[in-house]
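Since the structure comes first, as structure tokens, the remarks are kept for the end.
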Amino acid sequence: MVIAVCNPLEFAFFPPKVLRYNTDMRIKPILFFGVVALIAGYLVYKQADPNEIKVGKLAPDVTVKDQSGNQMKLSDLRGNLVFLNVWATDCAPCVQEMPDMEVMNRAFRDRKFKMVTVSIDTDWKPVTEFFAKYRLTMPVYLDPGRSVYNAFHLTGTPETFLIDRNGIILRHTIGADRWASDSVLAGLDKLIKQQEMPQVASD
């Protein structure tokens with residue numbers, strides 16, 4: 001039996017740079033396909049996650065309380081376009097967008113439109129002071145246990161969801177927006193008109 005033994009001297013004909021190049025060329029494809037596999041696996045997981053909150057899906061039927069202790073379930077507002085905004089008094093972008101939201105609420109509050117602002121502060125004192133400081137009158141609820149925050153898988157404040165009369169999420173906005181701009185108000189008016197139209201029963 002003949003055993004072939006690799007002679008180290010055979011590699012003396014190849015400069016170190018060549019050997020290093022060959023090694024790198026073998027490693028790079030492995031790293032590349034490894035990264036691709038990780039990304040593909042993550043995307044498959046996201047697509048398969050039944051609890052993911054996204055546009056086109058039914059909004060979680062969360063329950064919140066107002067300052068008087070009255071409970072309100074999100075499903076109680078079915079039949080309306082719901083503007084759900086989660087915020088906090090120490091959130092600078094929230095301060096920026098709240099006056100615009102007040103304008104929006106005053107413009108549409110007599111229509112098929114319900115604004116629900118949910119503060120994640122732990123008590124009412126900073127919330128009432130905030131509303132007094134900025135002269136806000138829109139409905140506000142407290143979520144000290146962050147049940148809404150967690151149910152909607154939020155990542156920060158503010159985050160806003162537009163929900164149609166059947167409880168389906170139409171839009172998800174992360175961060176502040178110019179809610180009182182002409183284009184946004186016109187878009188909301190169009191959506192509210194859709195909620196006000198008779199709903200055709202599906203077969």
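Within the shell defined by Cβ-Cβ distances under 10 Å, the residues around Ile163 carry a net charge of +3, with Lys and Arg each +1 and Asp and Glu each -1. Close amide H contacts of Met115 (hydrogens built in the peptide plane, cut-off under 5 Å, sequence separation of 5 or more or a different chain): Phe83. Annotation note: chymotrypsin sites (Phe, Trp or Tyr not before Pro) in the range 115-144 located in DSSP loop regions with a Cβ neighbour count of at most 16 within 10 Å are Tyr134.
Where both bridge residues fall in the range 93-203, DSSP classifies roughly 60% of the beta bridges as antiparallel. Using C-alpha pairs under 8 Å with a sequence gap of at least 6, the mean separation divided by the residue count of the range 44-179 gives a relative contact order of 36 percent.
Counting only other residues whose beta carbon sits under 13 Å from that of Leu188, what net charge do I get with K and R as +1, D and E as -1? Net of charged neighbours comes to +3.
For the range 63-196, what D do you get in µm² per second when you plug the Kirkwood radius from alpha-carbon pairs into Stokes-Einstein at 20 °C and 1.002 mPa s? Estimated diffusion coefficient is 144 µm²/s.
Taking Cβ atoms as reference points and 13 Å as the exclusive limit, the residues near Ala59 contribute a net charge of +2, counting Lys and Arg as +1 and Asp and Glu as -1. Straightening the chain between His153 and Glu129 buys 5.9 nm, computed as 0.36 nm per residue apart minus the Cα-Cα spacing.
Under 14 Å from a label point set 7 Å out along the Cα-to-Cβ vector of Arg109, the amide N atoms of the range 62-102 belong to 99-102.
No value in this document is a laboratory result; all are computed from the given coordinates. This is a predicted model, so every value here is computed, not measured. With ideal geometry, Cβ positions are generated from the backbone for all residues, glycine too; neighbour counts draw on all protein chains shown.
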